[in-house]
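Have a look at the structure below before the remarks.
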Amino acid sequence: MNRFDKLASQWDLNPNRVESAIKTTHKIKALLDIKDKDILDYGSGTGLISFNLFEDAHSILAMDNSKGMLDEMQRKIQEADITNIKTKLHDGNIDAFPKERFDLIITAMTLHHIKNPPLFIKNITKALKVSGYLAISDLELEDGSFHGGDDDGVEHFGFDKQVINRWFKEAGLEIVYLETNETIVKHKNFKVFLAIGKLL
Ligand SMILES: C[S@@+](CC[C@H](N)C(=O)[O-])C[C@H]1O[C@@H](n2cnc3c(N)ncnc32)[C@H](O)[C@@H]1O
């Protein structure tokens, strides 16, 4: 059982997480047309991002390496009788990416758990349809205190936006948005960026 398996049943009870997913999806919807699109929610957790999108989207595939998080998401999908969200266990550090192609890939607060982010960005970009979009939100550089010492599986203490910009370009993506999109208030303030790139 990993850290997220243990946290799964309590995940949605933290208002910071719910609020963060709302801010991310709100901005994405303001910038991109998601109507009838095929979306990959990578590192979906319990589906806080997916549940803000499924009513407009054609389909959502939610991938995560925590069975506990996906079980919780499945429970919510069945409870709400949602037919256009599917889940799939997948480890972005190990597994090959799926052959399906998506109009939009979103990965929210997950990149800091990925061992090799530039390689991950390159690989996941290959799952985009032509002119598809990759949207990544995550912490900006922080002092390592965001997770409060519970660093199991934390590979990076946030990211420099200029480095994200470079990784997107190296993956063949044109930046259409790269800004601080929110601030998470804990014992101090933590900035969260949103980067959106379009496959050229
Ligand atoms: C901070 S949570 C974010 C969940 C969700 N995106 C949200 O905004 O509520 C990070 C998620 O990434 C998943 N994760 C961590 N490492 C992963 C990996 N190597 N491959 C796939 N998913 C991973 C975790 O299981 C967890 O569900």
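The values are calculated or read from the model by the stated rules, or taken from the named source; none is laboratory data. Quick caveat: nothing in here was measured; it's all calculated off a predicted structure. Positions of Cβ are backbone-derived with ideal geometry, glycine not excepted, and every protein chain shown enters the neighbour counts. In case anyone asks, the SASA skips ligands and DNA or RNA and just uses the protein heavy atoms, side chains included. Shrake-Rupley method; radii C 1.70, N 1.55, O 1.52, S 1.80 Å.
A few points about this structure:
- Selection count where residues are touching an Asp or Glu at 6+ places or on another chain (Cβ under 9 Å) and open to solvent by less than 60 Å² (accessible area, probe 1.4 Å), scope the range 114-125: 4
- Counted residues, the range 129-152 - those being under 15 Å from the mean Cα position of the chain (by Cα) and of a type in the set (A, V, I, L, M, F, W, C): 4
- Evaluated against (1) among the charged types (D, E, K, R); (2) within 12 Å of the ligand (Cβ to nearest atom); (3) assigned to a helix (DSSP H, G or I); (4) in contact with a strand residue (DSSP E or B) (Cβ under 6 Å, 6 or more places away or on another chain), Lys27 falls short on exactly one condition, (2).
- Exactly one residue out of Leu111, Leu104, Leu128 is touching a Leu at 6+ places or on another chain (Cβ under 6 Å) and either buried (at least 16 other Cβ atoms within 10 Å of the Cβ) or among the hydrophobic types (A, V, I, L, M, F, W, C) (or both), and it is Leu128.
Yes or no, residue by residue, for (1) in contact with a Pro (Cβ under 8 Å, 6 or more places away or on another chain); (2) among the small types (Gly, Ala, Ser); (3) on the phi < 0 side of the Ramachandran plot:
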| residue | (1), (2), (3) |
| --- | --- |
| Asp151 | no, no, yes |
| Lys161 | no, no, yes |
| Trp167 | yes, no, yes |
| Val192 | no, no, yes |
| Gly197 | no, yes, yes |
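- Going through (1) touching a helix residue (DSSP H, G or I) at 6+ places or on another chain (Cβ under 6 Å); (2) within 13 Å of Gly197 (Cα to Cα) one by one, Ala108 falls short only on (2).
- The residues of the range 30-52 that are part of a helix (DSSP H, G or I), crowded, with 19+ Cβ neighbours inside 10 Å and either more than 13 Å from the ligand (Cβ to nearest atom) or hydroxyl-bearing (Ser, Thr, Tyr) (or both) amount to a single one, Ser50.
- Restricted to strands (runs of 3 or more DSSP E) entirely inside the range 53-154, those with at least 3 residues that are away from the ligand (no atom under 13 Å from the Cβ), in contact (Cβ under 8 Å) with a residue 24 or more places away in the chain and not hydroxyl-bearing (Ser, Thr, Tyr) are 102-108, 128-139.
- The set of residues in the range 161-183 that are open to solvent by less than 70 Å² (accessible area, probe 1.4 Å), free of Cβ contacts under 8 Å to residues at least 24 places away in the same chain and not in a helix (DSSP H, G or I) comprises Ile175, Leu178, Thr183.
- Thr87 vs. criteria hydroxyl-bearing (Ser, Thr, Tyr), open to solvent by 10 Å² or more (accessible area, probe 1.4 Å) and on the phi < 0 side of the Ramachandran plot: yes
- Residue in the range 2-17 that is under 13 Å from the mean Cα position of the chain (by Cα), buried (at least 19 other Cβ atoms within 10 Å of the Cβ) and either part of a loop (DSSP other than H, G, I, E, B) or within 13 Å of the ligand (Cβ to nearest atom) (or both) present: no
- Residue within the range 138-160 that is within 25 Å of Thr183 (Cβ to Cβ), at pLDDT below 95 and open to solvent by less than 20 Å² (accessible area, probe 1.4 Å) present: yes
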